[in-house]
Number of protein chains: 2
Amino acid sequence: MAGRSYGQYCGVASALDLVGERWALLIVRDLLVGPRRYSDLQAGLPRIPTNILSARLKELQAGGVVRRAPVVRGGYELTAYGRELEDVVLALGRWGFKSMGEPQDGDVVTSDSLTMAFRTAFVPDAARRHPDATYVVHVGDVSLVVRVERGRLAVVPLNGAVPAALAAVRDDALAHVDLEFAAGPGIRDVISGELSGAEAIERDVVHIVHGDPDMLDRFGQTFHLEPAVPPSSDR
Amino acid sequence: MAGRSYGQYCGVASALDLVGERWALLIVRDLLVGPRRYSDLQAGLPRIPTNILSARLKELQAGGVVRRAPVVRGGYELTAYGRELEDVVLALGRWGFKSMGEPQDGDVVTSDSLTMAFRTAFVPDAARRHPDATYVVHVGDVSLVVRVERGRLAVVPLNGAVPAALAAVRDDALAHVDLEFAAGPGIRDVISGELSGAEAIERDVVHIVHGDPDMLDRFGQTFHLEPAVPPSSDR
DNA sequence: CCGGATCCGAATCGATACTG
DNA sequence: CAGTATCGATTCGGATCCGG
């Protein structure tokens, strides 16, 4: 499966031998949200060719990263070892956030990628200061229920079927939504702190559907990622 | 250069568009140690085809990750943005460490990969308890001077030319080496804590060249990575 | 319809040779 | 030393096909 290894006795090389092939870490990203069926993964990675998805799933299984999900019919899930890739995916997401400019033509936002983005941006310390809040967020055609409860984060899709446990969380959250808003790509300037809540609303980067607009600042503190370094500070 | 993007407006996808191609992160790994010339990179990545190295360096420059090093003739170095990949490389190294079994035929250990491995395994808290120690470590045909000074880590190759600043660190360190040892791949069991210093010496995993063998335990505390999770604990 | 397997042209990779 | 050029071997991407 890894016909071509990097040939180095090194942790980084070993990791890349397992998850360094094209698409592999995006599959892992989606599986970090939860078990997924073949067609779920395909839907979440619109550009992946079906033979590549198939090949990657086989390789990831052979590498002990992924296994068949016994409960979900036709499902895949991460092994314990695979779940430990969360650090890697979060680090990549933090770094890559800084180079996300405007979306390119045809770029999509998926439910799973946005869910992982919230996990990446989540600041536990800030959440501890405001331990409870519930947001409903619309980006593109993805809608998520983002809940901070006792300083812990849960993200659940607003629509669609979810496991019973998550459905309970979702229904509970929807009973008391603090803030519901729709946002475009400019939301990243709120996440990076380059735009205050009020500025974001004024510039139509964020449209408040429901709730107290001041909550948007709390949102920006709870979910924060560093903005891009200016190229000038290159030294 | 990135003719084929993943087409997702997502930090992880954006990161992989920049450094997800084959060999890219290994080039970054080596550049994290310091500026390198084309031939240094080639020597540190014995299996990379020269046209691929050339192509990657171009792409990484276009992506703002790498630039020509003004000081070193023919050199490359990371930009400020590129240096921020350290988190990613360390996370990958930590994860990949767990799947490093025995070295495969033809696997090499390079100076730069071992240097980054020490940075990955370095435990600042443990170093704070023993803030000063100097080791000379031989693995394969790589020899490094590993120095902890006031709780901070510096790794310098034992042989070969280095910039003046590093040469000073090296000479200073060599003046009072606490422990010099040679090790094979089994060194990873010391790093993972699965072998005590005494056991490692007894089983010939580590050969003490010079110094107090008891220092090997301190070494194992200062440089620690989690061992592989047993497949049984998969839930 | 879901979960893939198969086929094929296009792009990339890997090995080697060659050049300023 | 620092790459470019070339070319066969792989892999990738897109589409189609097939069994349950």
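The values are calculated or read from the model by the stated rules, or taken from the named source; none is laboratory data. Note that the coordinates shown come from a computational prediction; the quantities given were computed from them, not determined experimentally. Every residue, glycine as well, gets a Cβ built from its backbone with ideal geometry; the counts of neighbours run over all protein chains shown.
Would you confirm whether any residue within region A:159-175 is touching a helix residue (DSSP H, G or I) at 6+ places or on another chain (Cβ under 6 Å) and at pLDDT below 95? If you could, list the steps in order and put the result at the bottom.
Here is the first cut: in region A:159-175, the residues touching a helix residue (DSSP H, G or I) at 6+ places or on another chain (Cβ under 6 Å) are none.
No, the conditions are met nowhere in region A:159-175.
Take region B:3-25 and flag every residue that is touching a residue at least 60 places away in the same chain (Cβ under 8 Å) and either more than 20 Å from residue A:188 (Cα to Cα) or within 14 Å of DNA strand D (Cβ to nearest atom) (or both). It would help to see each step written out before you state the result.
Quick first cut of region B:3-25, residues touching a residue at least 60 places away in the same chain (Cβ under 8 Å) only: B:15, B:19, B:25.
Correct list: B:19, B:25.
Could you check residue A:180 against (1) exposed (fewer than 15 other Cβ atoms within 10 Å of the Cβ); (2) farther than 21 Å from residue A:100 by Cα and say which number it fails?
Status for residue A:180: all satisfied but (1).
From the set of residues in region A:44-80 that are among the small types (Gly, Ala, Ser) and at pLDDT below 95, which is surrounded by the fewest Cβ atoms within 10 Å (Cβ to Cβ)? Working first, answer last.
Taking region A:44-80 as the starting set, the residues that turn out to be among the small types (Gly, Ala, Ser) are A:44, A:54-55, A:62-64, A:69, A:74-75, A:80.
If we keep only those that are at pLDDT below 95 as well, we get A:69, A:74-75.
Working: A:69: 17, A:74: 11, A:75: 18.
Selected residue: A:74.
All but one of (1) touching a residue at least 60 places away in the same chain (Cβ under 8 Å); (2) within 14 Å of DNA strand C (Cβ to nearest atom); (3) touching a strand residue (DSSP E or B) at 6+ places or on another chain (Cβ under 9 Å) hold for residue A:32; state the number of the condition that does not hold.
In the conditions (1) touching a residue at least 60 places away in the same chain (Cβ under 8 Å); (2) within 14 Å of DNA strand C (Cβ to nearest atom); (3) touching a strand residue (DSSP E or B) at 6+ places or on another chain (Cβ under 9 Å), residue A:32 misses (2) alone.
Has region B:67-85 got any residue that is closer than 22 Å to residue B:155 by Cα and among the basic types (Lys, Arg)?
Scanning region B:67-85 turns up at least one residue that is closer than 22 Å to residue B:155 by Cα and among the basic types (Lys, Arg).
Tell me which helices (runs of 4 or more DSSP H) are completely within region B:42-161 and hold 2 or more residues being away from DNA strand D (no atom under 15 Å from the Cβ), or say none if there are none. Talk me through it step by step, then tell me what you get.
Values: elements: B:50-62, B:80-83, B:86-97, B:111-121, B:124-129.
Passing ranges, in order: B:80-83, B:86-97, B:111-121, B:124-129.
Could you pull out the residue among B:156, B:162 that is farther than 30 Å from residue A:82 by Cβ, buried (at least 18 other Cβ atoms within 10 Å of the Cβ) and more than 14 Å from every other protein chain (Cβ to nearest Cβ)? Steps first, answer last, please.
Working: B:162 fails: buried (at least 18 other Cβ atoms within 10 Å of the Cβ).
After ruling out the rest, the residue left standing is B:156.
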